[in-house]
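The values are calculated or read from the model by the stated rules, or taken from the named source; none is laboratory data. For clarity, every value in this text was computed on a predicted model and none was experimentally measured. Positions of Cβ are backbone-derived with ideal geometry, glycine not excepted, and every protein chain shown enters the neighbour counts. For accessibility, only protein heavy atoms count, side chains too; no ligands or nucleic acids. Shrake-Rupley method; radii C 1.70, N 1.55, O 1.52, S 1.80 Å.
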Amino acid sequence: PTSTSTPAAASPALTAAAPALDLDGLKARLKATKAIGVFTKLALKNQVDDLLNKFRAHHSGKATPTVTELRQSYDLLMMKVLSLLQDHDQMLASEIVSSRERIWGLLVNPKTFAALQA
């Protein structure tokens, strides 16, 4: 017996329809969303700043953090943001999901990361 409905197929369609965000767009949308409270936004900003400092250290040639450690920190932060948004700002959550790899690519590449810091 095969099922004709595939619930998993609905999710990628939502994700594909969402436009990709750049970092400035993401920052603006996170500031504007009412799905996350002020104190949580401040805590997230501190976590983002910590992650950016880790990327700076990595790109300046330090042995730690490694790309694997950076990816782990990045993924954890993204999961936290998505869990905060999923019930109250599904559109922004979808846009973040569709932009996740693009943003990672900007951060992990030394040239694009340097351009982001300028």
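Taking the criterion of being in contact (Cβ under 8 Å) with a residue 40 or more places away in the chain and either touching a helix residue (DSSP H, G or I) at 6+ places or on another chain (Cβ under 8 Å) or closer than 11 Å to LEU77 by Cβ (or both), the residues of the stretch 29-43 that qualify are ARG29, LEU30, THR33, ALA35, ILE36, THR40.
Checked against (1) in a loop (DSSP other than H, G, I, E, B); (2) in contact with a Gly (Cβ under 9 Å, 6 or more places away or on another chain), LYS34 passes all but a single condition, namely (2).
Scan the stretch 80-118 for residues that are under 11 Å from the mean Cα position of the chain (by Cα), β-branched (Val, Ile, Thr) and modelled with pLDDT of 95 or more and the total you get is 1.
So which of LEU30, LEU70 ends up being out of contact with any Asp or Glu (no Cβ under 8 Å at 6 or more places or on another chain), open to solvent by less than 90 Å² (accessible area, probe 1.4 Å) and modelled with pLDDT under 95?
Numbers: LEU70 fails: modelled with pLDDT under 95.
Of the residues listed, the single one that is out of contact with any Asp or Glu (no Cβ under 8 Å at 6 or more places or on another chain), open to solvent by less than 90 Å² (accessible area, probe 1.4 Å) and modelled with pLDDT under 95 is LEU30.
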